[in-house]
Amino acid sequence: MSTTEERHRRIGELLRHREHVSVDELMTACGASGATIRRDLDVLALHGVLRRVHGGARSLVLGGENPEYGQREIEDLAVKVRIAAGVAALLPDRGHVWLDSGTTATEVARQLRQRQMTLMPMSLRAVNALTEGGPAAGRHPELLLPGGSLINGEQSFRGPMTETNIRSLRFDAAVVTPCALNLRDGLLAHDLDDAAVKRAGLESAGRVIVACSGTKWNASAVALVAPLAAVDVLVTDRQFSTEELDRLTQNSVEVVIV
């Protein structure tokens, strides 16, 4: 029998490609009982991965809705862990680091939770990851919280107060996790408020490190954050073509493939 984490990931993957799946289909796909699958669907619906319907579940993604944190959290986890480790290796101790919000940023936070540095994380999810285990877990980074409005689900900070507090400081590095990335536009976000916070972070840092999986390359997003020329290092799992690497080099972007 599959574990709860494996079932949740399998259900999320199926609903990335199908508009609707039934409990019976999921029982077969996951090797679990109907009662177990129904409990899984209730939990995943609560976390914004899917919409519960009679006899099964409906995809939020194929229904035209942006995937919520819960959906993104269970996707490409192994890739995000590798990217996070690659980012952590680029950050020296005792530095001041701005850390974006999102699922990849949360994995970066987990990699940094026992490091000696000062961090300004853009979400409470990252704060929780940075303080896991409490005092018994050993040292934790010093945290600076930006304030502002808190977005439900994402648990990320947004708004003028957030942007002002970011811009009042200077960071050694900013770790940016864009919603999409391409050669023409550079870094993009799904909404203007998120784009504004990301822009404030990268413009307040001496070095900009972009962390994103290959699935975000040429993905769809509407709000411009910054051109590729603003990026110093790109940490990703994508295998680029020679032409793509040449274009990135022209923009002085160092590529770290994990």
P(r), alpha carbons of the chain - 10 Å bins starting at zero, rounded %: 7, 29, 33, 22, 9, 1
Ranked list, fewest to most other Cβ atoms within 10 Å of each Cβ, for GLU107, GLU254: GLU254, GLU107
Rounded to 10°, Cα long-axis angle of helix 34-46 versus longest principal axis of the chain: 30 degrees
5 angstrom amide H check on VAL53, placed H, neighbours 5+ away: ARG58
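At 222 nm, what value in deg cm²/dmol follows for the chain if DSSP H runs of at least 4 each add -39500 (n - 2.57) and the sum is divided by all its residues, to the nearest 500? Working shown, then result.
Working: 10 runs with 100 residues, N = 258.
Mean residue ellipticity at 222 nm (helix-derived): -11500 deg cm²/dmol.
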Note, ³J(HN,Hα) from phi for the stretch 173-181, Karplus 6.51, -1.76, 1.60, rounded to Hz, x at Gly and Pro: 8, 10, 9, 10, 10, x, 7, 7, 8
Table column - 3J(HN,Hα) (Hz), the stretch 238-245, Karplus curve with 6.51, -1.76, 1.60, x for Gly and Pro: 6, 8, 7, 6, 4, 5, 5, 5
³J(HN,Hα) computed for each position of the stretch 7-15 - Karplus, 6.51 cos²θ - 1.76 cosθ + 1.60, integer Hz, glycine/proline x: 5, 4, 5, 5, 4, x, 5, 4, 7
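None of the figures in this text is laboratory data; all of them are computed from the coordinates on show. Predicted model only: the values in this text are computed from it and were never measured. Note: ideal-geometry Cβ built from the backbone for every residue, glycine included; neighbour counts use all protein chains shown.
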